[in-house]
């Protein structure tokens, strides 16, 4: 016959065992939750990295389509508005800006005053060619209407043949004739920061 004390001891043992089981279960669940959170974090990180990589590759591909790094300028048969050929190699030793623009582009119109001021500030160091493939008479009317005084250049081969379809886009050539950088959209070319950068290029 089991005494009352024994029954209490048995109950206590069972209770302790039950509590230990519950604590072990909760502990294991907690470990599993932490492991799941950690696994979820790394999976999310990996997914984010893959998405960012795909976007970067796509962006570079799209950028190269609208502003290719390799342009055959000679193939565009560049001339001034009087038909005199423009030979870019003649301007080595100077910073050359090749500005792709169009008469219908509001951003091009917005940018040109700062290009003109930059040319006036550094006539011996900076050469700016504003390149368009539109008809000469149309460009001349644009110049007269806006009183611009830049080196306007005609591309006698469509700009699109060299995948130049972004207006404005400016190709910056270093004094050695190599491509230094490409600017998309209107820039403030006569800002102090931009001038300091341009004049620092060797």
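Values in this text are rule-based calculations from the coordinates and carry no lab data. Note that this is a predicted model, so its numbers are computed, not measured. Note that we place each Cβ from the backbone using ideal geometry, even for glycine, and neighbour counts take in every protein chain shown.
Please arrange 192, 134 by counting, for each residue, the other beta carbons lying within 10 Å of its beta carbon, fewest first. All intermediate terms of the calculation are to be shown ahead of the outcome.
On the way: 192 8, 134 15.
Fewest-to-most ranking of 192, 134: 192, 134.
Seen from all sides and averaged, what is the projected area of the convex hull of the Cα atoms in the range 73-200, in nm²? Mind dumping the intermediate values first?
Working: hull surface 28.5 nm².
Result: 7.1 nm².
Exposure proxy check: 166, 194, 112 ranked by fewest other beta carbons within 10 Å? Write down the numbers at each step before the final one.
Numbers: 166 18, 194 15, 112 22.
Ordered by Cβ neighbours within 10 Å, fewest first: 194, 166, 112.
How long is the gain from residue 184 to residue 84 if the chain were fully straight, where each residue apart is worth 0.36 nm and the alpha carbon distance is subtracted? If you can, show how the numbers build up before the last one.
Details: separation 100, 0.36 × 100 = 36.00 nm, distance 2.79 nm.
Taking residue 184 through residue 84 to full extension adds about 33.2 nm, to one decimal.
Arrange the following residues from fewest to most other Cβ atoms within 10 Å of their Cβ: 163, 122. Display every interim value, and only then the final one.
Values: 163 14, 122 17.
Final ranking by Cβ density, sparse to dense: 163, 122.
Please compute the length gained on full extension between residue 193 and residue 144, using 0.36 nm multiplied by the number of residues separating them and subtracting their Cα-Cα distance.
The span from residue 193 to residue 144 would gain 14.6 nm if fully extended.
In percent, what relative contact order does the range 118-202 have, based on Cα pairs under 8 Å that are 6 or more apart in sequence? Provide the component values of the computation, followed by the final result.
On the way: 75 pairs, mean separation 20.0, N = 85.
In percent, rounded to a whole number, it is 23.
With a/c under 1.5 counting as rounded, go ahead and sort the range 74-132 into rounded, prolate or oblate using the C-alpha gyration tensor (a ≥ b ≥ c being the square roots of the eigenvalues; past the cut-off, prolate if a/b is larger than b/c, else oblate).
On the way: a/c = 2.21, a/b = 1.11, b/c = 1.99.
In terms of gyration-tensor shape, oblate.
Between residue 151 and residue 137, what is the label-to-label distance in nm when each label sits 7 Å out along the Cα-to-Cβ direction?
Between residue 151 and residue 137, the simple spin-label model gives 2.8 nm.
Multiplying the sequence separation of residue 69 and residue 104 by 0.36 nm and subtracting their Cα-Cα distance, what value in nm do you get?
On the way: separation 35, 0.36 × 35 = 12.60 nm, distance 2.44 nm.
Length gained between residue 69 and residue 104: 10.2 nm.
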